[in-house]
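Colleague: The structure's right below; bear with me while I get my questions together.
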């Protein structure tokens, strides 16, 4: 059987804690007992893989993958970046999935009842595989901010949800990306579940004028970092002991 | 001062929010967009092994079902092999997505029962399925394992179950046989809080 190296321990002080009192839904949904720390076994080291048979090239173009009568309304953007690990190694051929509200801040979901209009030409999801250098790109519209029930007057900053696999199932990650310059970021109780400002900055996609399409689309760059693998320099215990 | 270590930091997690299905299971969000959705079959009809089904609910600290959860299941095939770690049974993917009924919170999935897998240093782990939970209000995806009540002997020697100090907590990882299926309720809080792992 294939041997996988161990993963670097996840830095739980960099991630948000399970219980964050200002994000009210977390109060009853946060485990209160200590997590049980587990050294990597094959169940966590292995992970599902995906190929080009699983998805279609159009899946990553949110301007076109649900269009019925024309393009969706909103600010056209390219979203691109790399998936790397903590050792700065690119993660190739890994599945990246995104979902988002439309330009008015409304989701295409049977449970979303916000009064902003559904866009008939916008589904709001996309997926792609990273290339051999770990690069990915999507084309979409910039999502709108929207109100949500936390405090009476809580607003989510414009954001796109991102899901990434990596090689090991223990690298599995879901996060949200925000947009450079948005004043709602600093006020958001979900953003502020993250204790360290440097970690929050890691979720803010940068305006990238080098990646725009002139006279067509703005661009934002968002790199994603997954857990890295430990190197084994010395074998200090023979197998089975 | 010392040299600077040049490791990157892992991207911090954020909740999947209530509309995770749009991205990962759009059919359940209420629209049809992709040629095929991923994770619909953990084990296809041709995959060898004992066919099983698992049902359950995820419950919050008040005992209320978490109706907007999305669970990913990851398991070895009936011979104990993970995809990517050797030849697996034909038509076996080992990974799937589980979405509850939005009214009741009850979910179920069908698969084949996994075989035992060698853990660290070759010690055998009892058959189990890794589950990863995301939902609104869950800031970092939660990892747990589902073991089977009818694998009593192998469970007793399982190196991961044996890391759990309290007997009463070990039970939270054992799916109970219930007629034709297994029952596995996951408690996010409370006296019966499920054991979650930092893997």
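The values are calculated or read from the model by the stated rules, or taken from the named source; none is laboratory data. In this text, all values refer to a predicted model and were calculated from it rather than measured experimentally. Please note: Cβ atoms are built from the backbone with ideal geometry, for glycine as well, and neighbour counts cover all protein chains shown.
Colleague: What number of residues in the stretch A:1-38 are closer than 23 Å to residue B:84 by Cα and touching a helix residue (DSSP H, G or I) at 6+ places or on another chain (Cβ under 6 Å)?
Modeller: 2
Colleague: Here is a follow-up. Please work out which residue is nearest to the chain's Cα centre (by Cα), limiting yourself to the stretch A:18-29 and to residues that are part of a loop (DSSP other than H, G, I, E, B) and within 7 Å of chain B (Cβ to nearest Cβ).
Modeller: A:18
Colleague: Name every residue in the stretch B:120-141 that is under 27 Å from residue A:26 (Cα atoms) and more than 7 Å from chain A (Cβ to nearest Cβ), in order of residue number.
Modeller: Listed by number, the residues that qualify are B:129, B:131, B:133.
Colleague: Does residue A:81 qualify as being crowded, with 20+ Cβ neighbours inside 10 Å, modelled with pLDDT of 95 or more, in contact with a helix residue (DSSP H, G or I) (Cβ under 6 Å, 6 or more places away or on another chain) and closer than 30 Å to residue B:32 by Cβ? Before you say what the answer is, go through the steps one by one.
Modeller: Numbers: crowded, with 20+ Cβ neighbours inside 10 Å: yes; modelled with pLDDT of 95 or more: yes; in contact with a helix residue (DSSP H, G or I) (Cβ under 6 Å, 6 or more places away or on another chain): no; closer than 30 Å to residue B:32 by Cβ: yes.
Taking the combined requirement at face value, the residue does not satisfy it.
Colleague: Would you confirm whether any residue within the stretch B:69-79 is at positive phi, over 16 Å from the mean Cα position of the chain (by Cα) and more than 11 Å from every other protein chain (Cβ to nearest Cβ)?
Modeller: No, the conditions are met nowhere in the stretch B:69-79.
Colleague: Within the stretch A:184-217, track down each residue that is out of contact with any strand residue (DSSP E or B) (no Cβ under 8 Å at 6 or more places or on another chain) and without any contact (Cβ under 8 Å) to a residue 24 or more places away in the chain. Reasoning before the result, please.
Modeller: Filtering the stretch A:184-217 for residues out of contact with any strand residue (DSSP E or B) (no Cβ under 8 Å at 6 or more places or on another chain) gives A:186, A:192-201, A:214-215.
Matches in the stretch A:184-217: A:186, A:197, A:198, A:200, A:201, A:214, A:215.
Colleague: Of all residues in the stretch B:41-68 being outside any loop (DSSP other than H, G, I, E, B) and within 14 Å of residue B:190 (Cα to Cα), which is farthest from the other protein chains (Cβ to nearest Cβ)?
Modeller: The qualifying residue farthest from the other protein chains (Cβ to nearest Cβ) is B:65.
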